[in-house]
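A.B. asks: This is the structure I want to talk about, given as structure tokens.
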Amino acid sequence: MFAYHHKNHSSSFNTFGMLQEYALQPLLILLALYCCMIIYLMAWHLQLLWYGIIGGIILGLLSNFFGNVNARASYLEIGFNENHFYLRSAYDIAYKQNLKFYPIAYANATIERDTIYLNYIDHTIRIRREEWPQWHEIWQRLNEVTINTADGNISRT
């Protein structure tokens, strides 16, 4: 079995720290909205305590929710085992789950300049050359399997 890693993949993951890394961008956007709300409340001389506490709690919950969504959409590992492959997102790696193999023949991998397009479950994944150090080996692995349409057999090339 061969596994290839994204440039942001590290061998030692701290689950909380990694998920907070993906929550940073939503946190900054929501924090800007939170600050605007505080300024609005101050301008109208309204109570800050309860609105500030409730807004802070909502800020933390929403940023972590959107961070989990971002982590699920960021694929950091692709692996191959004979005629099958798997993809794992940052969320899957953090919680040590989702090692589901799919046939390479169903990936329908195509290449366009510096990007490999790969069909995975219900959506298309982009694998960019500058983000994956072993980009050429991934492309080679994705093209090793061919389908013999005459009898429906899968054979290696």
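The values are calculated or read from the model by the stated rules, or taken from the named source; none is laboratory data. Bear in mind that the values here come from a model prediction, so they are computed numbers and not experimental data. Here Cβ is always computed from backbone atoms with ideal geometry, including for glycine, and neighbour counts include all displayed protein chains. For the accessible areas, the whole protein counts, side chains as well, though only heavy atoms, and no ligand, DNA or RNA atoms are used. Shrake-Rupley method; radii C 1.70, N 1.55, O 1.52, S 1.80 Å.
A.B. asks: Given the conditions (1) more than 22 Å from the chain's Cα centre (by Cα); (2) without any contact (Cβ under 8 Å) to a residue 60 or more places away in the chain, report the number of the one that ASN83 does not fulfil.
C.D. replies: So the condition that ASN83 fails would be (2).
A.B. asks: While we're looking at this one, here's another question. Look at the range 95-116 and say how many of its residues are free of Cβ contacts under 8 Å to residues at least 24 places away in the same chain, open to solvent by 70 Å² or more (accessible area, probe 1.4 Å) and under 16 Å from the mean Cα position of the chain (by Cα).
C.D. replies: Residues in the range 95-116 being free of Cβ contacts under 8 Å to residues at least 24 places away in the same chain, open to solvent by 70 Å² or more (accessible area, probe 1.4 Å) and under 16 Å from the mean Cα position of the chain (by Cα): 4 in total.
A.B. asks: Let me ask something else about it. Determine whether the range 57-65 contains at least one residue that is open to solvent by 40 Å² or more (accessible area, probe 1.4 Å) and under 30 Å from ALA107 (Cα atoms).
C.D. replies: Looking through the range 57-65, at least one residue is open to solvent by 40 Å² or more (accessible area, probe 1.4 Å) and under 30 Å from ALA107 (Cα atoms).
A.B. asks: Restricting attention to the range 124-135, does a residue exist that is within 30 Å of ILE29 (Cα to Cα), of a type in the set (Ser, Thr, Tyr) and open to solvent by 70 Å² or more (accessible area, probe 1.4 Å)?
C.D. replies: Yes, that holds for at least one residue.
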